[in-house]
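S.K.: One structure is given below, represented as structure tokens, and several questions about it will come after.
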Amino acid sequence: MDPKMQQFIQAETERQRFQTVIHQLNEKCWETCIEPLGKPSNRLDGKAETCLKNCVDRFIDTNILVTGRFEKKAASIGQGELD
């Protein structure tokens with residue numbers, strides 16, 4: 001396969017994964033912070049705003065942790081195949 005085509009496919013795959021993560025983040029944080037309040041208003045109160053910030057921070061932390069573990073696992077599998 002053409003290297004430029006491979007790079008394009010990889011970039012598009014990464015973009016799609018990123019969009020999926022953002023969608024999951026929006027969905028989970030909305031369910032956690034906004035839905036319990038009932039009907040959302042035009043402005044967030046302090047409690048909802050803090051909840052959303054914490055939710056986003058924890059979601060990002062978790063994704064970084066999981067991604068790091070997958071990368072380590074993939075690296076150890078790759079090294080095992082080379083031995």
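S.K.: Listed highest first by mean packing, meaning other Cβ atoms within 10 Å per residue, what order do 31-37, 1-7 come in?
M.R.: Ranked by mean Cβ neighbours within 10 Å, highest first: 31-37, 1-7.
S.K.: For the stretch 58-63, take each phi angle, set θ = phi - 60°, evaluate the Karplus expression 6.51 cos²θ - 1.76 cosθ + 1.60, and give the result in whole Hz per residue in order, putting x for glycine and proline.
M.R.: Here the 3J(HN,Hα) series is 5, 5, 5, 4, 5, 5 Hz.
S.K.: Oh, and also: Using θ = phi - 60° and the Karplus form 6.51 cos²θ - 1.76 cosθ + 1.60, what ³J(HN,Hα) does each residue of the stretch 16-21 get, whole Hz, x for Gly and Pro?
M.R.: Values per residue, Gly and Pro as x: 5, 4, 4, 5, 5, 4 Hz.
S.K.: Return the label of the correct value of Rg and Dmax of the Cα atoms in Å, as calculated from the structure shown, out of [x] 15.2, 51; [y] 15.3, 44; [z] 18.7, 60.
M.R.: For Rg and Dmax of the Cα atoms in Å, the calculated option is [z].
Here, each number is a calculation from the coordinates, and none is a lab measurement. Remember, it's a predicted structure, so these values are computed and weren't measured experimentally. Reconstructed Cβ throughout: ideal geometry from the backbone, glycine too, with neighbour counts over all protein chains shown.
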